Amino acid sequence: MNFSAETRAACNTAAAKRSYNLQRFLDGWALFYENPVGKLGVFLLACFGVMALISYIPPLIDPMYHPMTGVDPWISNATGPSAKHWLGTDNLGRDLFTQLLTGARIAFMVGISAAFMSIVFGTLIGMIAGYAGRVTDAALMRFADMIMVMPSLLVVLLLASLFGQLNIWIIVLLIALFRWPGVSRVIRSQTLSLKQRPFIDMARVAGASHMRIIFRHILPNVLPMACLYMTFRVTSAIIVEAALAFLGFGDPNTVSWGMMLQWVWKTGHMFQAPYWLLPPGICISLITLSFYLIGRAMEEVLDPRLRKEENFE
Amino acid sequence: MALLEVENLTIAYKTRRETAIAADRVNFSLERGRSVGIVGESGCGKTTLGMALLRLLPSNGFVKKGRVTFDGMDLLSLPDTRMQRVRWKRIAMIFQAAMNAWNPVQRIGDQILEAIRTHDPKITKAEAVKQVEQLYELVEIPADRIFDFPHQYSGGMKQRAIIAMALACSPDLIIADEPTTALDVIVQDQILQKIKAIQKEKNIALIFISHDIGVVAGVCHEIMVMYRGKIVEAGRREEVFEVPVHPYTRALLSSYLTIDGVFEIRDKQSPAPPCTPAEPLSKELCGYVHLCPHASEACRSRPPQWREITPTHKVLCSLCR
Amino acid sequence: MPDTPAEPMVQIQGIKKTYSEDRSLFARSAQALTAIDGVSLCIEKGEVFGLVGASGSGKTTLGRLLLKLEEIDAGQIRFQGKDISGLKGAALKDFRRRVQLIPQDPYQSLNPYMSIFDTVAEPLIIHGIRSSEARRQKAAQALDAAGLSPAADFFPSYPHQLSGGQRQRAAIARAMVLSPEFVIADEPTSMLDATISFTIFKLLADLRKTQGVTLLFITHDLAAARFLCDRIAVIYKGQIVESGLSEQVINNPGSDYTRALINAQPRFSFVNQ
Ligand SMILES: Nc1ncnc2c1ncn2[C@@H]1O[C@H](COP(=O)(O)OP(=O)(O)OP(=O)(O)O)[C@@H](O)[C@H]1O
Ligand SMILES: Nc1ncnc2c1ncn2[C@@H]1O[C@H](COP(=O)(O)OP(=O)(O)OP(=O)(O)O)[C@@H](O)[C@H]1O
Ligand code: SF4
Ligand SMILES: [Mg+2]
Ligand SMILES: [Mg+2]
């Protein structure tokens, strides 16, 4: 037993018998929040969350503020910030501020859905490979290696040039398909060590099926690690989408920060309109930074060596 | 003056929820060539106590108050560099589960050599190897096994190599934390005999930590029983076994299975010998009260007191004739 | 067959198990290690059978073979007269219902993410007890029998909230919840202190009396084996060196190895009894 008598006594009072998961979550959150790195990440992310939410408002005030189709009839070229257009307009007279807000929404959508999908693939494949072992393991891991060494950006560019412009959801799917192998390696090695733990043998002795062992016993134990990897994957998905868009292979019907950069570049305003170039560039850096910071802080929460007082032996 | 004197040592861990006392007002002293055993259930604070003596507590652990005097030096206020020199050279520790801590990809001999040479940079490699050979002879591992990898050793050999490493600088005091817990009875017996013989031969002081009172009894002159951070009974080995007084000690002994059945406490009658009342240790009530068969109203309202049964045998309990 | 003696619970004939050592990168030789080398045993219905031996002698391996967690390389294991080597599907599931394990390490053998109720009720779900009311009732009974009462108080706890002894009781409740006929206890108290292990021994003796379960008790502690077992077999390097009634084995050991085990037991010769 590695906790004090007082804690043990406290655990026996009915009030303290909160669910283990909830308790761990709250403890983890407290530890996370004590960390300035985590706090900064959450703060930045909250700012972007607010941006994504209020992006729905301007077009309701005046259709002129629609990020894609709204044009200011009085403006025919890129102009700097004004009272009407806080960040200015692009060369068609579209409001840059609403574009920036909408970009936040797209970044969340792309980042989180691509990361979520890659984590689901990666976790499933990693657990199956680690649990099944032998041939299945070897085959799945070789497959993962193959995808890992493939130059993903290049392949997507190739696909894009073959099929013309890609829909944003196709891009999300492609990012997910290319980004699971790293996750599956980590989950696989965790599964390998979990498989040696006696409670897995106990489940087998009770007659549990493979499905039950994987989803009821292994999954909860690898889930924290999967969540950690999710934050890192969000970062990489946002960057890939921005890169694709900037290179001209984005979804032309979506306003993402990458698309904004692509428009500055294509219309030749790169060096004339800093008010157009800088905001999306800064936003991309900051949102990736925020997820990265959150990931680092989570890593500290999850790393058992850094949480001595939560020793579960 | 004794080699080691521990006075009122109180150690706490700071966690987010609380500051928990892990060892409370521990007092004892140890002469050169003598050995003291600390027994108690898992989590009662045995390792904490050993670590605190060497100032090796984890970062959230700290000594709240008390003094540790070793050979005239106040260990708790010694500058770090001097403490570094005391550790291992004068006080060696055999850490709990240390035998699993050998680096699996480095030969055991190399690991011992490295330790010797970092502590004594002047020594030549040949001299250090010679020294390791002597140590191996002491713990009875054939010299041709020195440069094997850890996985080529059995558990008992790994543990003996740990002991060899602890002896490398001929320390004055060894703190052995559960040195035989993971081993089977035969190997355990061999290791205990080894520790006892070396301790006697080299006149080393020994603090021996275990949760198994039978193991401690085989090695130590004195026994301290610890319960929830407090020493509740301390005395010479014979005294504690023949006239165990504290109800927890009695429970520990009377559930100890020996080959001839349950250990029989000779003094069956009363757990409360005549004694003189003394000052209570603190305002806290007895920690064993929820399990104690002798708990009385007095135990629930008054803190227990230190009672002297003989000059060498003391008990922290309210029971009194 | 009124006159034939009751069929033994388990019959083991000349089983062998070899591990190839290729799993280690640094092994000097790639030779195979014979963990179990021609063991034959017979465990009668209703008895407590002790398997005693030093570390690495193959006790756990033998238990794992009996539990069909690993396959034997040669020989035969019969459970209630039926060979277990080919069991599959429904027959295997039925076997899993009848044979259970009490594990060695209470700190590692419970899933940290499952509450005590989920842990104890899991075998019931697996073996098709649909009604949640029935599951609650059975789990409560098992916890009570294992000395964790009132059971409802322990249902929502998680393993890290229990002491080592309580965890081991929960593991025992899980093993007993399906009323198995044969239970293997693999050094169930090696991690616990004397006061707690003694109560666990008494609990095992009780369960045997009240539920008539057959027990294979694995240990390296002859004192514990003597306290609990009717018969003892001593295993050394994968071979049975001696077996017989426990009193007989301990009072008149027939092999040097058994004598060594007895001599290594802690003694209190300094106490003038
Ligand atoms: N780093 C830490 N932070 C907080 N509490 C701790 C820490 N280390 C130990 N403790 C607590 O201090 C108490 C004493 O722990 P310690 O390791 O000294 O016990 P022990 O007697 O050596 O037990 P064992 O026999 O299991 O080794 C325990 O209740 C434990 O939970
Ligand atoms: N999966 C495995 N691969 C290779 N060797 C193994 C494996 N499992 C066990 N062994 C070896 O088989 C032998 C018997 O091991 P086993 O675990 O059965 O011993 P034991 O009697 O249970 O010991 P202990 O008292 O330490 O639990 C040992 O030498 C061990 O190293
Ligand atoms: S003080 Fe009272 S409750 Fe505590 S051990 Fe002594 S008799 Fe028992
Ligand atoms: Mg310890
Ligand atoms: Mg074993």
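None of the figures in this text is laboratory data; all of them are computed from the coordinates on show. Every value quoted in this text rests on a predicted model; they were computed, and no experiment measured them. Here the Cβ is made from the backbone with ideal geometry for all residues, glycine too, and neighbour counts use every protein chain on show.
Please list the radius of gyration and Dmax for the stretch C:11-165, considering alpha-carbon atoms only, with Å as the unit.
Looking at the stretch C:11-165, its Cα Rg and Dmax stand at 19.0, 58 Å.
Based on the Cβ-Cβ distance of C:LEU69 and A:LEU173, what FRET efficiency does E = 1/(1 + (r/R0)^6) give at R0 = 45 Å, to the nearest 0.05?
0.65
Based on the Kirkwood radius over alpha-carbon pairs, what value in µm²/s does the Stokes-Einstein equation return for the translational diffusion coefficient of chain A at 20 °C and 1.002 mPa s?
97
Please work out the Kirkwood hydrodynamic radius for chain B, using every pair of different C-alpha atoms, and report it in angstroms with one decimal place.
About 20.9 Å, per the Kirkwood formula over Cα pairs.
Can you give the mean number of other chain Cβ atoms that lie within 10 Å of the Cβ atoms in peptide C:104-112?
Average per residue, whole number: 6.
Residues of the stretch C:46-87 with the amide nitrogen closer than 11 Å to a label point 7 Å from the Cα of C:ALA6, along Cα-to-Cβ, please.
So the set is C:46-48.
How many nm is it between the label spots at A:ALA139 and B:GLN84, if each spot is 7 Å from the Cα in line with the beta carbon?
Output for this residue pair reads 5.7 nm.
Which value in nm describes the separation of the simple spin-label points at A:LEU40 and B:ALA298, placed 7 Å from the Cα toward the beta carbon?
Label at A:LEU40, label at B:ALA298, 6.3 nm between them.
Determine the shape class of the protein assembly as shown: with a ≥ b ≥ c the square roots of the Cα gyration tensor eigenvalues, call it rounded for a/c under 1.5, and otherwise prolate if a/b is greater than b/c, oblate otherwise.
On the way: a/c = 2.02, a/b = 1.61, b/c = 1.26.
Here the protein assembly as shown falls in the prolate category.
Can you give the local net charge around A:GLY80? Use residues other than it whose beta-carbon is closer than 15 angstrom to its beta-carbon, Lys and Arg +1, Asp and Glu -1.
-1
By DSSP, what percent of the beta bridges with both residues in the protein assembly as shown are antiparallel, rounded to the nearest 5?
Antiparallel bridges make up about 60 percent of those DSSP assigns within the protein assembly as shown.
Lys pairs in the stretch B:1-153, Cα-Cα under 24 Å, at least 8 apart or on separate chains: how many?
Lysine pairs, 8 or more places apart or on different chains, close enough: 10.
Using helices alone, I'd like the mean residue ellipticity at 222 nm for the protein assembly as shown: each DSSP H run of four-plus residues gives -39500 (n - 2.57), total over residue count, nearest 500. Write out the running numbers ahead of the final one.
Numbers: 32 runs with 412 residues, N = 907.
Computed mean residue ellipticity for the protein assembly as shown: -14500 deg cm²/dmol.
What does DSSP give for chain B in terms of the percent of beta bridges that are antiparallel, rounded to the nearest 5?
On the way: 34 of 53 bridges.
So the antiparallel bridges in chain B amount to around 65 percent.
Please report the net charge: other residues with Cβ closer than 14 Å to the Cβ of A:HIS217, K and R +1, D and E -1.
Values: positive: A:LYS195, A:ARG197, A:ARG204, A:ARG212, A:ARG216, C:ARG174; negative: A:ASP201, C:ASP118, C:GLU122.
It works out to a net charge of +3.
Within the stretch A:106-210, list the chymotrypsin sites (Phe, Trp or Tyr not before Pro) lying in a DSSP loop whose Cβ has at most 11 other Cβ atoms in a 10 Å radius.
Those that pass, being in a loop and sparsely packed, number zero.
Could you calculate the FRET efficiency of C:LEU245 with C:SER131 from 1/(1 + (r/R0)^6), where r is the beta carbon distance between them and R0 is 30 Å, rounded to 0.05?
Details: r = 45 Å, r/R0 = 1.50.
It comes to 0.10.
Please give every one of the aspartates and glutamates within straight-line cross-link reach of B:LYS158, meaning a C-alpha to C-alpha distance under 18 Å, and leave out same-chain neighbours fewer than 8 residues apart.
Result set, ordered by chain and number: B:ASP110, B:GLU114, B:GLU133, B:GLU137, B:GLU140, B:ASP144, B:ASP148, B:ASP177, B:GLU178, B:ASP184, B:ASP189.
Simple spin-label model, 7 Å along Cα-to-Cβ: C:GLU47 to B:ASP267 in nm?
Once both label points are built, they end up 4.4 nm from each other.
What's the local net charge at C:ASN252, with K and R +1, D and E -1, over the other residues with C-beta under 14 Å away?
Values: positive: C:ARG226, C:ARG259; negative: C:GLU242, C:GLU247, C:ASP256.
Local charge sum for C:ASN252: -1.
First check a/c for the stretch B:99-170, with a ≥ b ≥ c the square roots of the eigenvalues of its C-alpha gyration tensor; if it is under 1.5, answer rounded, and if not, answer prolate when a/b is larger than b/c or oblate otherwise.
In terms of gyration-tensor shape, prolate.
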